[in-house]
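Participant: Supplied in structure tokens, the structure appears directly below.
The values are calculated or read from the model by the stated rules, or taken from the named source; none is laboratory data. It should be emphasised that the depicted structure is a prediction, and the values quoted were computed from it without experimental measurement. Every residue, glycine as well, gets a Cβ built from its backbone with ideal geometry; the counts of neighbours run over all protein chains shown. In case anyone asks, the SASA skips ligands and DNA or RNA and just uses the protein heavy atoms, side chains included. Shrake-Rupley method; radii C 1.70, N 1.55, O 1.52, S 1.80 Å.
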Amino acid sequence: MQKFFSNRRLVIIVVALVVCFGLMAGSVAIRNKKATPPVVQQFGNDVVGFAGSVVAYPVNALQGGFDSVSELMNAYQENQLLKKQVSEVAQVKVRDQTLASENKQLKKQLKLNNSLTDYSTVSASVLTRTPSSWQNQLVINKGQTAGISKNMPVLSGAGLIGRVAEVNKTNSKVELLSDSDESSNRFAIQITNKQGKTVNGIITGYQKATGELVMGQVTSKVKITKGTKVITSGLGGVTPKGLYVGKVARVTKDDYGLAKKIYIKPATNYDNINIVTVAELNS
Amino acid sequence: MYRLSRLRYVFPIGLFIAFFLDGSISKVFSGWLFSYPYSMVSHLIVLWLVLAYFFEEDTKIPLVSFAAVAGLIFDLYYSGIIGLFMFLFPLIILLTQALAKYFTPTFLTVIMFFFIDITCLELLNYFAYSLIGLINSNFGDFLVYVLAPTLALNLIYLVVLYFPIHSLFARSVQRKNS
């Protein structure tokens, strides 16, 4: 032991520890405050992301191949089911178009340029996922050059999956709603019941055991039933209004019995995400 | 001599592939690896570094510097929090070197070394991230739901890949002599 902790070694160990924690604290602070990481980090990430696609694309293609084989197995049954829905979808789509154009005209008359429901989207494919049990992060192949910036909401499949946590020039990192970092899932959401009454609030947590999002501290008396759809409310000004989050799974009292706690079943499974859509609010 | 051997190409290429495979495996099998409550972390890159130490024979790869660079890139690209793995990966190499002095490396002792390496890596990762406030899960849960499954996954990697990597290294070391 005497030899191991010689003077020089001890100094090196202490310096390494200080540098290690200094760097970590620094990068966490930058990540929380700044819109983009330092240029060096951005450049490094771009280069690594480019090199990584050499491995990522073949693996993703392989996964796509396996997925399509397994999808082929139940394609027939799915087809039967989907045929029934197609006719309805066409109807809804036409109605949606009419309403959208009407909305546009009305906005023009009101001289309203863009409201919270106007957003454009950028599609990206997922390169990799952080190999860590603590950070549920995806790396996607679009960045600043495609118009992505920090804190934009990210959708996949049916609904919201997370937000952009770090932007580089050609790739960016997406923190999933299931991430253990507390700030990752604070989205302003609203629930409207059948009577047209609305409850506003934010997502306050993620329950790993059941895979449900939690909307805490709801003091509103409005009655919310199971199965009601939950959407983003657009309050806060970064997230557009009307992104689908999920359905209400159950409503309970919180620990003190004063406020309600609403559990939301997310619309998308956070595993097996290949294509994502980043929503950008028009302004 | 590292500079003259074929390992000069084989080792960095393997490191590169192991690095990106970690992420790709985590993405492709995320439904299995991160199914609640267990979470398994793939550490192919640590496997490659540790096995390189045992199989390099007299080639002397500059492992610690390679580990530091790989760790820095890992921090940049995967976690976005710089400063942890760029110290942890070299530390793992130094730990393996220190341990290997006391045992002759055979298949079974390498398994033991790797077990200790992964345990240390995950423990230090847990402590560092909880110090900077990134995680708030308790230690018991970490042991049962993270450390144990991670060890299981990585020991399976080791058992499956030990002999293929051994023969790969043996061949690359041999070629330089002939």
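Participant: What's the ranking of A:193-200, B:130-137 by average number of surrounding C-beta atoms within 10 Å, highest first? Mind dumping the intermediate values first?
Facilitator: Details: A:193-200: 12.2, B:130-137: 15.0.
Top to bottom by mean Cβ count within 10 Å: B:130-137, A:193-200.
Participant: Can you tell me the orientation of helix B:148-175 relative to chain B, as the angle in degrees between its alpha-carbon axis and the longest Cα principal axis, to the nearest 10?
Facilitator: Between helix and principal axis, roughly 10 degrees.
Participant: Rounded to two decimal places and with Rh computed the Kirkwood way over Cα pairs, what is Rg over Rh for the stretch B:7-175? Working shown, then result.
Facilitator: On the way: Rg = 15.7 Å, Rh = 16.5 Å.
Taking Rh as the inverse mean 1/r over Cα pairs, Rg/Rh reads 0.95.
Participant: When we measure straight from the Cα of A:LYS142, which lysines land under 18 angstrom away, once same-chain ones fewer than 8 places off are left out?
Facilitator: Result set, ordered by chain and number: A:LYS150, A:LYS169, A:LYS173, B:LYS27.
Participant: So, one more: Two decimals is fine: what's Rg over Rh for the stretch A:200-266, C-alpha atoms, Kirkwood radius as Rh? Provide the component values of the computation, followed by the final result.
Facilitator: On the way: Rg = 11.7 Å, Rh = 12.3 Å.
Rg/Rh for the stretch A:200-266 comes to 0.95.
Participant: Can I ask one more? With a 1.4 Å probe and all protein chains kept in place, how do A:THR228, A:THR192 rank by accessible area, largest first?
Facilitator: Values: A:THR228 20, A:THR192 60 Å².
The ordering from most to least exposed comes out as A:THR192, A:THR228.
Participant: Here is a follow-up. Cut-off under 17 Å on the C-alpha distance; same-chain residues fewer than 8 positions from B:LYS101 excluded. Which lysines are left, in chain and number order?
Facilitator: Qualifying lysines at Cα under 17 Å: A:LYS3, B:LYS60.
Participant: Compare A:LYS108, B:LYS27, A:LYS169 by solvent-accessible area with a 1.4 Å probe and give them largest first, with all protein chains kept in place. Working shown, then result.
Facilitator: Numbers: A:LYS108 165, B:LYS27 10, A:LYS169 90 Å².
Final ranking, largest accessible area leading: A:LYS108, A:LYS169, B:LYS27.
Participant: If I take all pairs of Cα atoms in the stretch A:77-153, what percentage of them are more than 16 Å from each other? Present the calculation step by step, with values, prior to reporting the outcome.
Facilitator: Values: 2120 of 2926 pairs.
Within the stretch A:77-153, distances greater than 16 Å cover 72 percent of Cα pairs.
Participant: Connecting C-alpha atoms closer than 10 Å in a GNM of chain A, tell me which of A:GLN190, A:GLN105, A:GLN207 has the biggest fluctuation.
Facilitator: Sorting by GNM fluctuation, first place goes to A:GLN105.
Participant: Within 10 Å of each Cβ in peptide A:20-26, how many partner chain Cβ atoms are there on average? Round it to a whole number, please. Write down the numbers at each step before the final one.
Facilitator: Numbers: counts 9, 6, 1, 8, 12, 5, 3.
Mean shielding count: 6.
Participant: Also, quick follow-up: I'd like the mean, over residues of B:41-51, of how many other protein chain beta carbons sit within 10 Å of each residue's own Cβ. Walk me through the numbers before you get to the answer.
Facilitator: Numbers: counts 5, 2, 1, 1, 1, 0, 0, 0, 0, 0, 0.
Mean inter-chain Cβ contacts per residue within 10 Å come to 1.
Participant: Out of every Cα pair in the stretch A:69-216, what percent are spaced more than 28 Å from each other?
Facilitator: Values: 4691 of 10878 pairs.
Of the Cα pairs, 43 percent sit more than 28 Å apart.
Participant: For all pairs of alpha-carbon atoms in chain A, what percent lies in each bin of width 5 Å, listed from the first bin to the last filled one?
Facilitator: Final binned percentages: 1, 5, 9, 12, 14, 14, 14, 11, 8, 5, 3, 2, 1, 1, 1, 0, 0.
Participant: Where the centroid of each part is defined by its Cα atoms, how far is the stretch A:211-283 from the stretch B:1-61 in Å?
Facilitator: The stretch A:211-283 and the stretch B:1-61 have Cα centres separated by 39 Å.
Participant: Radius of gyration and Dmax for the stretch A:1-145's Cα atoms, expressed in Å?
Facilitator: Rg, Dmax (Cα atoms, Å): 26.2, 83.
Participant: Of the trypsin sites (Lys or Arg not before Pro) in the stretch A:6-89, which ones lie in a loop per DSSP and count no more than 16 other C-beta atoms within 10 Å? Could the numbers behind the result be given before it?
Facilitator: Working: sites: A:ARG8, A:ARG9, A:ARG31, A:LYS33, A:LYS34, A:LYS83, A:LYS84; in loops: A:LYS34.
Those that pass, being in a loop and sparsely packed, are A:LYS34.
Participant: May I pose another question? Report the Stokes-Einstein translational diffusion coefficient (µm² s⁻¹, integer) for the stretch A:1-81, Rh taken as the Kirkwood radius over Cα pairs, at 10 °C with viscosity 1.306 mPa s. Walk me through the numbers on the way to the answer.
Facilitator: On the way: Rh = 18.1 Å.
It diffuses with D of about 88 µm²/s by this estimate.
Participant: With a cap of 14 neighbouring Cβ atoms within 10 Å, and only residues DSSP puts in a loop, list the chymotrypsin sites (Phe, Trp or Tyr not before Pro) found in the stretch B:46-104. Mind showing how you got there, number by number?
Facilitator: On the way: sites: B:TRP48, B:TYR53, B:PHE54, B:PHE55, B:PHE66, B:PHE74, B:TYR77, B:TYR78, B:PHE85, B:PHE87, B:TYR102, B:PHE103; in loops: B:TYR102, B:PHE103.
The qualifying sites are B:TYR102, B:PHE103.
Participant: Which whole-number percent is the relative contact order of chain A (Cα, under 8 Å, 6+ apart)?
Facilitator: On the way: 478 pairs, mean separation 49.5, N = 283.
For chain A, the relative contact order is 18 percent.
Participant: Under 22 Å between alpha carbons, and skipping anything fewer than 8 positions from A:LYS84 in its own chain: which lysines qualify?
Facilitator: Counting by Cα, and skipping residues close in sequence, A:LYS84 has these lysines nearby: A:LYS93.
Participant: Something else now. By how many degrees, between 0 and 90 and to the nearest 10, does the Cα long axis of helix B:107-131 differ from the longest principal axis of chain B?
Facilitator: So the inclination is approximately 40 degrees.
Participant: May I pose another question? Roughly how much of A:MET152 is accessible, in Å² to the nearest 10, using a 1.4 Å probe?
Facilitator: 20 Å²
Participant: Relative to the longest principal Cα axis of chain A, at what angle does helix A:7-33 sit, 0 to 90 degrees, rounded to 10?
Facilitator: The answer is roughly 20 degrees.
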